[in-house]
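Reviewing the structure listed below.
The values are calculated or read from the model by the stated rules, or taken from the named source; none is laboratory data. Given the structure is predicted, the values throughout are model-derived calculations rather than measurements. Here the Cβ is made from the backbone with ideal geometry for all residues, glycine too, and neighbour counts use every protein chain on show. Keep in mind that these areas ignore ligands, DNA and RNA; they rest on the heavy atoms of the full protein, side chains included. Shrake-Rupley method; radii C 1.70, N 1.55, O 1.52, S 1.80 Å.
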Amino acid sequence: MTDHLDLADDTSLSVLSTSDIAGIDITPADVVDVVEQAYRTLAAGRSANPRKLTVKPEDGHSVSYAMLGRDGVRNVVAIKTSYKHGLHEDRDKQHYYTSLTLYDDVTGLPVAMMDCGRIGSLRTPAVSALLARELAAPGSRSALVIGTGTQGRLALPFLLTTLPGLERLMVFGTHPDGIRAVREQVGAHFPGREVEVVTDLRAAAGAADVVVATAGPRTPANVEADWLRPAALSILVGHGIAPSTLHRADRVVATSAAQMRVTGTDMADDDGRLPDVDAEFPEVLAGRAAGRTDDGQRVFAYNSGLVVTDIALGHRFAQLALAQGLGTRVPLWR
């Protein structure tokens with residue numbers, strides 16, 4: 001499948017703002033489908049996802065990333081940039097900017113430049129949901145989400161999309177507004193489903209088949225390996241689970257082993273070592289690598305988003321936005 005847009009010329013660029021992107025309706029199932037296709041295309045060798053570049057000052061007050069990639073199904077080349085300032089501050093005092101610029105590699109014309117915040121906020125829980133679908137133990141019925149920020153608020157609707165058999169939905173958070181938002185998101189996508197707010201994290205972790213850690217770096221949550229049930233799947237997106245969950249896992253799966261070595265250093269042991277990755281997730285989806293090799297294994301999954309998923313989802317948003325006449329044409333190269 002190759003989708004091309006009616007692009008005007010090579011001197012101007014469509015800019016899609018935060019509000020443009022926010023007004024586009026898309027379901028969790030649609031997002032999961034786009035993200036899964038991006039992974040499968042990468043596994044087939046038709047896409048390119050080079051290692052991200054990272055810049056961080058010595059005092060760690062900010063971090064920036066640059067990611068270049070190519071989607072071989074949509075024939076789109078793109079670069080994503082991400083900059084966060086104030087990492088030692090509370091969340092409301094931080095500054096965060098991320099953008100995605102897309103080019104059509106058939107026509108050679110620019111597609112759009114857009115705010116990438118919503119794209120990332122949807123792509124990441126979709127990946128976690130795919131990880132859960134492929135790696136959770138058969139018959140999994142309970143899930144615990146740690147954190148109620150952007151990722152925590154969307155985690156449960158996406159998990160229910162790929163694991164509709166989940167019966168017990170738990171969330172651990174410290175912000176009342178975030179907890180309320182979690183319930184609202186679940187109610188919007190799955191009316192009638194209840195979310196249980198837990199305060200005893202150890203007991204909740206021991207009752208969960210799937211644990212998704214999405215909290216920020218200042219979270220008090222720190223689930224240890226021996227809190228988990230024998231066949232549990234733990235998925236790390238942000239913070240909330242201890243390094244022991246990785247080092248004592250029976251099997252380790254990463255979206256990218258190279259990215260885990262770069263961005264997962266906070267999970268290293270006292271010697272600064274990270275365990276080897278047993279399988280990369282694109283290979284699992286392609287059927288060339290096993291995710292879970294035994295129903296009783298504890299599996300650790302590292303979710304560090306790949307830019308090919310941002311490109312695919314960003315292109316889908318660009319299609320929907322430009323078809324609705326959204327965006328501003330900027331004569332950037334004139």
Practice task
Would you check if there is a residue in the range 83-96 being part of a helix (DSSP H, G or I) and out of contact with any Gly (no Cβ under 9 Å at 6 or more places or on another chain)?
Solution key: yes
Fill in the blank from the handout: With criteria (1) within 20 Å of the chain's Cα centre (by Cα); (2) farther than 27 Å from Gln94 by Cβ; (3) not hydrophobic (A, V, I, L, M, F, W, C), Pro217 comes up short on (2)
Problem - Residue list for the range 233-263, filter: among the small types (Gly, Ala, Ser) and either out of contact with any helix residue (DSSP H, G or I) (no Cβ under 8 Å at 6 or more places or on another chain) or over 27 Å from His175 (Cα atoms) (or both) - result: Gly240, Ala249, Ala254, Ser256, Ala257, Ala258
Exercise for the section: Search the range 187-214 for residues being out of contact with any helix residue (DSSP H, G or I) (no Cβ under 7 Å at 6 or more places or on another chain) and not in a loop (DSSP other than H, G, I, E, B), and hand back the single one that is farthest from Ser244 (Cα to Cα). Expected result: Ala188
Practice task
Quick one: in the range 1-21, of everything that is at pLDDT below 95 and among the hydrophobic types (A, V, I, L, M, F, W, C), which residue is nearest to the chain's Cα centre (by Cα)?
Solution key: Met1
Completion exercise
By residue number, the members of the range 50-81 that are closer than 26 Å to Val330 by Cβ, hydroxyl-bearing (Ser, Thr, Tyr) and out of contact with any Lys or Arg (no Cβ under 9 Å at 6 or more places or on another chain) are Thr81
Problem - Flag for Gly216 being free of Cβ contacts under 8 Å to residues at least 40 places away in the same chain and open to solvent by 10 Å² or more (accessible area, probe 1.4 Å) - result: no
Practice task
For residues that are touching a helix residue (DSSP H, G or I) at 6+ places or on another chain (Cβ under 9 Å) and not hydrophobic (A, V, I, L, M, F, W, C), scanning just the range 10-32, find the one that is nearest to Thr124 (Cα to Cα).
Solution key: Pro28
Exercise for the section: Could you tell me whether any residue of the range 319-327 is open to solvent by less than 10 Å² (accessible area, probe 1.4 Å) and closer than 20 Å to Ser234 by Cβ? Expected result: no
Handout entry: Where Ser82 falls short, out of the listed (1) farther than 25 Å from Glu283 by Cα; (2) open to solvent by 20 Å² or more (accessible area, probe 1.4 Å)
Key = (2)
Practice task
Quick one: which residue in Val77, Val127 is under 29 Å from Glu280 (Cα atoms) and open to solvent by 20 Å² or more (accessible area, probe 1.4 Å)?
Solution key: Val77
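This table checks each residue for (1) open to solvent by less than 30 Å² (accessible area, probe 1.4 Å); (2) within 19 Å of Ile241 (Cα to Cα); (3) touching a Ser or Thr at 6+ places or on another chain (Cβ under 9 Å).
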| residue | (1), (2), (3) |
| --- | --- |
| Tyr96 | no, no, yes |
| Ala112 | yes, no, yes |
| Gln151 | no, yes, yes |
| Thr174 | no, yes, yes |
| Val182 | yes, no, yes |
Practice task
Could you tell me which residue of the range 26-50 is nearest to Met260 (Cα to Cα), considering only residues that are part of a loop (DSSP other than H, G, I, E, B) and open to solvent by less than 50 Å² (accessible area, probe 1.4 Å)?
Solution key: Asn49
Problem - Residues that are assigned to a loop (DSSP other than H, G, I, E, B) and of a type in the set (A, V, I, L, M, F, W, C), drawn from the range 269-306 - result: Leu274, Val277, Ala286, Ala289, Ala290, Leu306
